[in-house]
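The values are calculated or read from the model by the stated rules, or taken from the named source; none is laboratory data. Owing to the predicted nature of the structure, the values given are computational and were not obtained by experimental measurement. So basically every Cβ, Gly included, is an ideal-geometry build from the backbone, and we count neighbours across all protein chains shown. Ligands, DNA and RNA are stripped out before the accessible areas are found, and what is left, the full protein with its side chains, is counted by its heavy atoms. Shrake-Rupley method; radii C 1.70, N 1.55, O 1.52, S 1.80 Å.
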Amino acid sequence: MHASSLLVTSLLSASANAHVFIWGVFVNGVDQGLFKGVRTPAYNNGPGAGGYANSPVKDLDSIDLRCNVLGDIQAPDTIKVKPGDHLTLDWHHDWRNDTDDVIASSHHGPSLIYLTPDPPTENSFVKIWEEGLYESLPFPKPGKWSTTSNIAKNFGHMNMRIPVDLKAGFYLIRAEMIAFHEGEVSYKMNPRRGAQFYPNCVQIEVVGDGTVELPKGVSFPGAYSYDGPGVVYDVYCSTETKKTRTTPCTTTYPIPGPTVWSGAWAETTAVPLSPVTGGTTATPWSTWIVNSVVTSASYTDKKSITVVGSSTYKAGWSSTYQTPSPATKRW
Ligand SMILES: *[C@@H]1O[C@H](CO)[C@@H](O)[C@H](O)[C@H]1NC(C)=O
């Protein structure tokens, strides 16, 4: 199922290492444990000296836009929740505590959360929350953005609620941050730049006797396009003084994707959180996945920045729900 082929490419690898992902989930303020239910993307450091540079996701047509690199591979466990529960997704970068920087300070952009039955089908991702948090302060003061001014400043905490009366079953949360520090041009026009997408999926089981089914949503890939709203955006127009500029060149930001579902909690609140349980550090993914199954990867020899090669991974999304197996444990 995870067949792969090694291809040598001449692409130069993008090298930013600001790989934010979800390290844990609090349910009504109670930590469920390190990586519990989280389909951890394969990008927290690479193997050997060079490391892979297969993420963040920039190709909007890639299957990686769904749940990130290796997002089809299940976590061994699933988080049980009820309609109305408050969930706090705990995003981090290097480690899971309050001294972590969460996301690089240049990575301004919006945050978004979708919900889909597990497994996703055509048009099954429903947007339940979004925040651009663009605040147009008098130029030349910087604008304020969800990723850098809210999530990073709040120790990586992204709040959401399980929709009222949601029908019991297995779902995936697809939470996402988008970073625009190289987003003034599309990845399609210039593959060395482009907006950076950091999607991450969490397995949940909704219990109870709810009757509400999710409405029709969007597909990933498919929901975003290079010429659609909020995908190509010069964030520096609004967030940095440029000597050559005396006025901001942009004052609004349209968040990509559909509107938030009317059945969702568009407004969320931070709930008090328990201490984190379990570890605060991650085992590099290179120890739990072999090199040959990495998708869309290019990797370099650190000393020479020469690209050594890349490999192609064929994601194996099932069309029916699969009970997670402890065999998929990665940590
Ligand atoms: C956070 O975790 C990292 C990695 O284990 C550690 O180096 C750092 O000292 C920790 N910070 C605090 C305040 O515990």
Handout entry: Value of Rg to Rh for the stretch 16-283 (Rh from inverse mean 1/r over Cα pairs, i.e. Kirkwood)
Key = 0.95
Practice task
Could you size up the charge dipole of the stretch 16-283 around its Cα centre, putting +1 on the beta carbon of Lys and Arg and -1 on that of Asp and Glu, and report it in debye to the nearest 20?
Solution key: 500 debye
Handout entry: Rounded to the nearest 10 Å², the accessible area of Thr320 at probe 1.4 Å
Key = 80 Å²
Practice task
Please sort 187-194, 32-39, 205-212, 70-77 by packing, taking for each peptide the average over its residues of neighbouring beta carbons within 10 angstrom, highest first.
Solution key: 32-39, 70-77, 187-194, 205-212
Exercise for the section: Compute the signed sum of charges (Lys and Arg +1, Asp and Glu -1) over the other residues within less than 15 Å, Cβ to Cβ, of Asp98. Expected result: -3
Practice task
Just need log10 I(q)/I(0) for the stretch 58-126 at q = 0.19, 0.22, 0.25 Å⁻¹, Debye formula, equal scatterers on the alpha-carbon atoms, no solvent, rounded to two decimals.
Solution key: -1.22, -1.43, -1.43
Practice task
Averaged over every viewing direction, what's the projected area of the C-alpha convex hull for the stretch 106-184? Give it in nm², one decimal, please.
Solution key: 7.1 nm²
Handout entry: Convex hull of the stretch 166-222 built on C-alpha atoms - directionally averaged projected area, nm²
Key = 5.1 nm²
Exercise for the section: Between beta-carbons, use under 14 Å as the cut-off and find the net charge around Thr277, counting Lys and Arg +1, Asp and Glu -1. Expected result: -1
